[in-house]
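Take a look at the structure below.
Bear in mind these aren't lab numbers, they're just calculated from the coordinates by the rules spelled out. Please read these numbers as outputs of a predicted model, since none were measured by experiment. Positions of Cβ are backbone-derived with ideal geometry, glycine not excepted, and every protein chain shown enters the neighbour counts.
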């Protein structure tokens with residue numbers, strides 16, 4: 001039996017439809033280089049937003065003014081979940097220099113973060129000994145996309161939908177995004193650490209003037 005019982009234009013239409021479905025279902029992990037960014041289109045920064053931490057308490061991200069911040073959407077049942085270890089290593093290495101990792105669990109990709117906030121917190125602390133800030137589970141895409149991620153993906157200067165779990169945005173001391181890294185780019189990749197080093201050096205230099 002033939003796969004496509006159509007001929008001519010109908011067969012072509014069926015093939016194109018299947019390719020379109022595959023493009024949606026399979027994550028694109030080809031590009032792992034940081035984005036260079038465009039000029040932000042609004043006056044908002046990371047510091048403009050208020051979110052809830054993993055315990056449900058309101059947190060103003062303005063408290064991170066003056067620090068270098070890596071914002072990451074995370075998940076507990078993803079092939080990239082071991083990146084938690086690398087994120088914690090980054091945090092321990094740079095936290096004394098004014099660096100923070102902010103993790104936002106999200107269940108937007110194949111249901112890979114199904115747990116409650118309590119379950120996520122327990123998983124992160126027992127499995128990966130995470131000490132950097134965790135926030136309440138949000139949506140990073142679609143109709144229920146959180147305001148923070150609306151800004152990150154549309155108006156931060158680094159536009160584009162979140163590709164998968166563990167997309168990374170590096171934010172400068174003024175709250176503006178300075179680099180974006182693909183989910184498959186590991187936290188300890190040289191492109192990430194060099195960007196952090198550069199941001200911290202620039203921040204120290206500016207603080208000295």
### Task
Return the whole-Å distance between the Cα centroid of segment 149-169 and the Cα centroid of segment 51-90.
14
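Suppose we keep just the DSSP beta bridges with both residues in segment 31-207; what percent of those would be antiparallel, to 5? Walk me through the numbers before you get to the answer.
On the way: 13 of 22 bridges.
Once the DSSP bridges in segment 31-207 are tallied, antiparallel ones form about 60 percent.
For a quick protection proxy, order the peptides 121-134, 94-107 by their average other-Cβ count within 10 Å, most packed first. Write down the numbers at each step before the final one.
Details: 121-134: 16.1, 94-107: 19.1.
Going by the mean number of other Cβ atoms within 10 Å, highest first, we get 94-107, 121-134.
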### Task
Would you please calculate the Kirkwood hydrodynamic radius of segment 31-207 over all C-alpha pairs and express it in Å, rounded to one decimal?
16.0
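Given R₀ = 25 Å, FRET efficiency for residue 85-residue 118 by Cβ-Cβ distance, to 0.05? Intermediate results must be reported in sequence, preceding the final value.
Details: r = 22 Å, r/R0 = 0.86.
Computed FRET efficiency for residue 85 and residue 118 comes out at 0.70.
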### Summary
Quick shape summary for segment 89-172, equivalent ellipsoid via Cα gyration tensor, semi-axes whole Å in descending order, reads 22, 19, 9
